[in-house]
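These notes are about the structure you will find just below.
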């Protein structure tokens, strides 16, 4: 069950052609393609506008390591145990974003 062979696919294709007509299929495919492109464009724009590295889920934030919803202001993720506070660089003292591996000022690897 679940395996579609060549005869089944041909039958499905014939049903689609009969149902929609041969002239409508390219129009439908074009519309679906435009819809997918618009969705991708809108999601990229929304991501660029937010500029926030930690996505919000209602009144909670998503852990950047495991995506578990965590209460805002929590210091550690209850699921994975990772720190949810920014990391200070031991070399230059600059504050870095959650999940950063290297200092944004001097490039030094940050302690995990």
Scattering from the C-alpha atoms of the chain alone, worked out with Debye: what is log10 I(q)/I(0) at q = 0.10, 0.11, 0.20 1/Å? -0.60, -0.65, -1.10
Cα Rg over Rh - the range 1-51, Kirkwood: 1.26
Rounding to the nearest 10 and keeping the result within 0 to 90°, find how far the Cα-based axis of helix 6-20 lies from the longest principal axis of the chain. 80 degrees
If one computes the Cα centroid of the range 75-105 and of the range 26-43, what distance in Å separates the two points? 39 Å
Tell me, what is the percent relative contact order of the chain, built from C-alpha pairs under 8 Å that lie six or more residues apart? 10 percent
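Only the coordinates and a few stated rules stand behind these numbers; no lab work does. The shown structure was predicted, so the numbers you read here are calculated from the model rather than taken from an experiment.
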